[in-house]
Amino acid sequence: MPSHLIAPSVLAANFKNLEADFKMINQSEADWYHVDVMDGQFVPNISFGQSIIKSMFALAKKPLDVHLMIEKPEKYIEEFREAGAEVISVHYEACPHIHRTLQQIKATGAKAGVALNPGTPVSVIDDILENCDLVVLMSVNPGFGGQKFIYRTLEKIRSLKKQIIDRNLQTKIEIDGGVGLQNAEAILKAGADILVAGSSVFKSEDPKDTIHRLKSIDIHTLSV
Ligand code: DX5
Ligand code: ZN
């Protein structure tokens with residue numbers, strides 16, 4: 001049985017009728033909702049904040065995986081938790097006191113994640129890996145949906161996975177950006193546990209079926 005999780009990114013959903021898209025995801029085999037918060041400072045785009053997330057929480061029957069692409073995320077952790085976040089990820093590049101911020105997330109009862117930009121090597125999180133429930137490896141430069149997957153990410157997944165196994169940790173690896181049916185198998189084979197998929201799900205002809213196909217990939221039965 002496939003054990004990886006699928007987290008559709010609602011950034012690519014239809015905001016004129018969020019309820020319909022949430023209904024579809026609720027009925028699908030998706031595991032989490034991936035929720036992208038952008039502040040126009042850390043990344044060049046602005047998305048939405050706590051009040052929209054509160055409405056999403058009311059519609060969602062699955063956990064909200066909130067990805068904070070904002071400066072000074074430590075100022076808002078509790079608010080995002082109250083809005084309904086089950087998983088909160090902050091960017092390593094936005095946190096001078098990342099160890100403290102991860103502890104702050106855990107203190108709210110949420111799962112804590114650290115996200116790394118494509119230009120940030122995985123070695124920078126050596127000393128905090130024990131404190132992360134998940135690591136979000138960005139496979140595009142954050143800020144926009146619909147970008148092309150950066151293939152160098154596969155090397156980063158392999159080296160991070162090795163660390164996690166060697167150190168006997170439970171940390172999960174989430175891949176965010178440009179993920180779809182064309183590359184999901186390679187990403188899972190490299191060692192990913194959670195696939196974020198925005199445009200490849202919502203812009204497909206049959207989003208529920210795309211989720212099903214992403215979920216059904218079983219790397220253990222693939223021929224080598
Ligand atoms: C990028 C966001 C991603 C994005 C993914 O800044 O963090 O979660 O929504 O969208 P796709 O799957 O279209 O690349
Ligand atoms: Zn994201």
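The values are calculated or read from the model by the stated rules, or taken from the named source; none is laboratory data. Source: prediction; values computed, not measured. Please note: Cβ atoms are built from the backbone with ideal geometry, for glycine as well, and neighbour counts cover all protein chains shown. Remember, those area values only see protein heavy atoms, side chains included, never the ligands or the DNA or RNA. Shrake-Rupley method; radii C 1.70, N 1.55, O 1.52, S 1.80 Å.
For region 162-202, give me the residue count where each residue is of a type outside the set (Asp, Glu) and assigned to a strand (DSSP E or B).
Within region 162-202, residues that are of a type outside the set (Asp, Glu) and assigned to a strand (DSSP E or B) number 7.
Please work out if PHE42 is crowded, with 18+ Cβ neighbours inside 10 Å, more than 16 Å from ligand 2 (Cβ to nearest atom) and not hydroxyl-bearing (Ser, Thr, Tyr).
no
Looking at VAL124, VAL114, which one is surrounded by fewer than 19 Cβ atoms within 10 Å (Cβ to Cβ) and among the β-branched types (Val, Ile, Thr)?
Result: VAL124 is the single residue among VAL124, VAL114 that is surrounded by fewer than 19 Cβ atoms within 10 Å (Cβ to Cβ) and among the β-branched types (Val, Ile, Thr).
From LEU154, LEU195, LEU160, LEU188, grab the single residue that is closer than 16 Å to ILE6 by Cβ, more than 16 Å from ligand 2 (Cβ to nearest atom) and of a type in the set (A, V, I, L, M, F, W, C).
LEU188 is the lone residue from the list that is closer than 16 Å to ILE6 by Cβ, more than 16 Å from ligand 2 (Cβ to nearest atom) and of a type in the set (A, V, I, L, M, F, W, C).
Within region 71-79, can one find any residue that is surrounded by 16 or more Cβ atoms within 10 Å (Cβ to Cβ), closer than 25 Å to PHE15 by Cα and of a type in the set (A, V, I, L, M, F, W, C)?
Yes.
Counting just the residues of region 145-161 that are open to solvent by 90 Å² or more (accessible area, probe 1.4 Å) and part of a loop (DSSP other than H, G, I, E, B), which one comes out farthest from VAL124 (Cα to Cα)?
By that ranking, first place goes to LYS148.
Every residue, every condition in (1) within 16 Å of TYR33 (Cα to Cα); (2) part of a loop (DSSP other than H, G, I, E, B), yes or no:
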site: PHE57; (1), (2): yes, no
site: VAL66; (1), (2): yes, no
site: ARG81; (1), (2): yes, no
site: VAL87; (1), (2): yes, no
site: GLU93; (1), (2): no, no
site: PRO96; (1), (2): no, yes
site: ILE105; (1), (2): no, no
site: GLY119; (1), (2): no, yes
site: SER123; (1), (2): no, no
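Tell me which residues, restricted to region 5-62, are in contact with a strand residue (DSSP E or B) (Cβ under 6 Å, 6 or more places away or on another chain) and among the hydroxyl-bearing types (Ser, Thr, Tyr).
SER9, TYR33, SER47 - these are the residues of region 5-62 that are in contact with a strand residue (DSSP E or B) (Cβ under 6 Å, 6 or more places away or on another chain) and among the hydroxyl-bearing types (Ser, Thr, Tyr).
List every residue pair whose Cβ atoms sit under 9 Å apart, with the two residues 6 or more apart in sequence or on different chains, where the first one lies in region 67-88 and is under 13 Å from GLY49 (Cβ atoms) and charged (D, E, K, R) and the second, anywhere, is open to solvent by 10 Å² or more (accessible area, probe 1.4 Å) and at pLDDT below 95.
Nothing qualifies.
Look at ILE98 and say whether it is under 23 Å from PHE144 (Cα atoms) and over 16 Å from the mean Cα position of the chain (by Cα).
Here the answer is no, as ILE98 does not meet what is asked.
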